[in-house]
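*Asks:* Quick one: the structure is below, and I'll ask about it shortly.
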Amino acid sequence: MEQKLVLKAHGKINLGLDVVRRLENGYHEVRMIMQSVELADIVTIKKSAEDNIVIRADQKTIPCDERNLAYKAAKLMKETYGISEGVEIFLEKHIPVAAGMAGGSADCAAVLKGMDELFCLGLTLEELQKTGVKLGADVPYCLMGGCALSEGIGEVLTGLKEPPECVLLLVKPDINVSTKYVYRNLKLETLERHPDIDGMMRDIENGALESLCEKLENVLESVTGKQYPVIGKIEHVMKEEGALQAVMSGSGPTVFGIFKETETARKAMNKIREKGLAREVYISGFFHGKNNP
Ligand code: ATP
């Protein structure tokens, strides 16, 4: 019987994002608190008789060729482990694209895990992460999921306790942000403040949601938020409607708001829609499980 794997690739938000310094190779040393969200792509993988990689997706906006991170993952697994069979991959996209939620990296991680299983390679998480980091700094985290401190270029990971339960409102305004542009235009030397990542870790450990929310911060907002005032407007509406906090994720433009109740989050969502600030809006929550263990 044909074996077909159906995997969930969860998106992430950054509860905190700090850039420590610029490295000579163009990368940045970061300190981030990553958190998986319930919102997930569905990645289906099956073997194909021919020695090729076929990618299909339900969204026309993403490339279905060698530029797709799912393709890159399959190619790297084939090369690294000498797999002669091909694979067919279908991406059912739910995570907003180019949004600061690591959608591509999540799909990439799902394909790495899927191929490990499909071809009975028996790889450990560490081995998969070592392969995955070649394709993107967020991939090792996406292989792991949950709540984690991410350091180095994103590949040095420490698992953290689950933060307290809450309701998330995810809002992606209709603009495209280039991660490269944002990092290139970050004025590290003149940044007046940095997020209190250590304090956030203490709050997570203590289950102190309100204190944690007071500390949520992302240094990249100094670039993306300045370029796109809609980000600040979305945050303003969320807070006015009762969010404990509202912050941008990754390099943006997605803004997430943290609410105590679904009803309040829903009201904020309706306001954002009424004001025409964004069309892509989702009520979600933290995802505490591991990604396809
Ligand atoms: P990150 O948070 O890691 O910076 P992102 O959420 O900002 O990522 P992605 O959704 O991963 O951004 O997409 C960035 C670009 O990557 C897209 O514009 C698209 O062209 C390309 N891409 C390649 N593979 C995928 C994929 N599987 N899903 C979505 N986009 C992909």
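*Asks:* Taking 41 Å as R0, compute the FRET efficiency from the Cβ-Cβ separation of VAL156 and GLU263 and round it to 0.05.
*Replies:* Details: r = 39 Å, r/R0 = 0.96.
It comes to 0.55.
*Asks:* Give, as ranges by residue number, the residues of segment 207-229 whose backbone N falls under 19 Å from the point 7 Å along Cα→Cβ of VAL20.
*Replies:* Label zone hits: 217-220.
*Asks:* Turning to a different aspect of this structure: Which percent of Cα pairs goes in each bin when the distances of the chain are cut into 5 angstrom slices starting at zero?
*Replies:* 1, 6, 13, 16, 18, 17, 13, 9, 5, 2, 1, 0, 0
*Asks:* For GLU214 and HIS236, what is the calculated FRET efficiency with R₀ set at 22 Å and r taken between the beta-carbons, to the nearest 0.05?
*Replies:* Numbers: r = 17 Å, r/R0 = 0.77.
Taking R0 as 22 Å, the efficiency between GLU214 and HIS236 is 0.80.
*Asks:* Could you work out the relative contact order of the chain, using alpha carbon pairs under 8 angstrom and six or more residues apart, expressed as a whole percent?
*Replies:* Details: 644 pairs, mean separation 67.4, N = 293.
Over the chain, the number comes to 23 percent.
*Asks:* Please work out the C-alpha center-to-center distance from segment 44-95 to segment 120-135 and express it in whole Å.
*Replies:* The two parts, judged by their Cα centres, are 17 Å apart.
*Asks:* Give the distance, in whole Å, between the Cα centre of segment 254-285 and the Cα centre of segment 215-247.
*Replies:* Using only Cα atoms to place each centre, the spacing works out to 13 Å.
*Asks:* Now for a different question. Hey, what angle do you get for helix 230-240 against the long axis of the chain, alpha-carbon based, 0 to 90 degrees rounded to 10?
*Replies:* Value to nearest ten degrees: 60.
*Asks:* Hey, another quick one. If r is the Cβ-Cβ distance from GLU85 to GLU126 and R0 is 35 Å, what FRET efficiency results, to the nearest 0.05? Please report the intermediate quantities before stating the final value.
*Replies:* Working: r = 25 Å, r/R0 = 0.72.
In this case the efficiency is close to 0.90.
*Asks:* If ligands, DNA and RNA are left out, what is the accessible area of MET269 with a 1.4 Å probe, given in Å² to the nearest 10?
*Replies:* Result for MET269: roughly 20 Å² accessible.
*Asks:* Okay, moving on. How do VAL219, VAL156, VAL54 rank by accessible surface area computed with a 1.4 Å probe, from largest to smallest?
*Replies:* Working: VAL219 10, VAL156 70, VAL54 45 Å².
Accessible-area ranking of VAL219, VAL156, VAL54, largest first: VAL156, VAL54, VAL219.
*Asks:* A further question on this structure: Please calculate the 1.4 Å probe accessible area of ARG266, with all protein chains present, and give it to the nearest 10 Å².
*Replies:* 100
*Asks:* Another one. Among the GluC sites (Glu not before Pro) in segment 191-293, which ones are in a DSSP loop with at most 14 other Cβ atoms within 10 Å of the Cβ? Mind listing them? Provide the component values of the computation, followed by the final result.
*Replies:* Working: sites: GLU192, GLU205, GLU210, GLU214, GLU217, GLU221, GLU235, GLU240, GLU241, GLU261, GLU263, GLU274, GLU280; in loops: GLU192, GLU241, GLU261.
Answer by residue number: GLU192, GLU261.
*Asks:* Net charge within 11 Å of LEU123 by Cβ-Cβ distance, Lys/Arg positive one each and Asp/Glu negative one each, not counting LEU123 itself?
*Replies:* With Lys, Arg at +1 and Asp, Glu at -1, the neighbours total -2.
*Asks:* Measuring with a 1.4 Å probe in the full set of protein chains, what accessible area per residue, in whole Å², belongs to the chain? Numbers along the way, then the final one.
*Replies:* Values: 13530 Å² over 293 residues.
So the chain comes to 46 Å² accessible per residue, rounded to a whole number.
*Asks:* Right, here's the next one. In square nanometres and to one decimal, what's the mean projected area of the convex hull around the Cα atoms of segment 159-293? It would help to have the intermediate numbers written out before the result.
*Replies:* Numbers: hull surface 36.1 nm².
For segment 159-293, the mean projected area of the Cα convex hull comes to 9.0 nm².
*Asks:* So which lysines pass the test for LYS161, namely a Cα distance under 25 Å, with those fewer than 8 places away in the same chain ruled out?
*Replies:* By straight Cα distance, LYS161 reaches LYS8, LYS12, LYS113, LYS130, LYS215, LYS260, LYS290.
*Asks:* At a 1.4 Å probe radius, carbon and sulfur cover how many percent of the accessible area of the chain? Could the numbers behind the result be given before it?
*Replies:* Numbers: 6510 of 13530 Å².
Exposed carbon and sulfur together represent 48 percent of the surface.
*Asks:* Separate question: Can you tell me, using C-alpha contacts under 8 Å and at least 6 residues apart, the relative contact order of segment 1-151 as a whole percent?
*Replies:* Values: 298 pairs, mean separation 43.7, N = 151.
So the answer I get is 29 percent.
*Asks:* Compute the helix-to-body angle for 69-81: its Cα long axis versus the longest principal axis of the chain, expressed 0 to 90° and rounded to tens.
*Replies:* 40
*Asks:* Between helix 103-118 and the chain, what is the angle of the helix's C-alpha long axis to the longest principal axis, kept within 0 to 90° and rounded to the nearest 10?
*Replies:* Taking the Cα atoms of the chain, the angle to 103-118 is about 30 degrees.
The values are calculated or read from the model by the stated rules, or taken from the named source; none is laboratory data. These figures come from a predicted structure and were not determined experimentally. For neighbour counting, all protein chains shown are included, and Cβ atoms are generated from backbone atoms with ideal geometry for every residue, glycine included. Heavy atoms of the whole protein, side chains included, go into the accessibility calculation; ligands, DNA and RNA do not. Shrake-Rupley method; radii C 1.70, N 1.55, O 1.52, S 1.80 Å.
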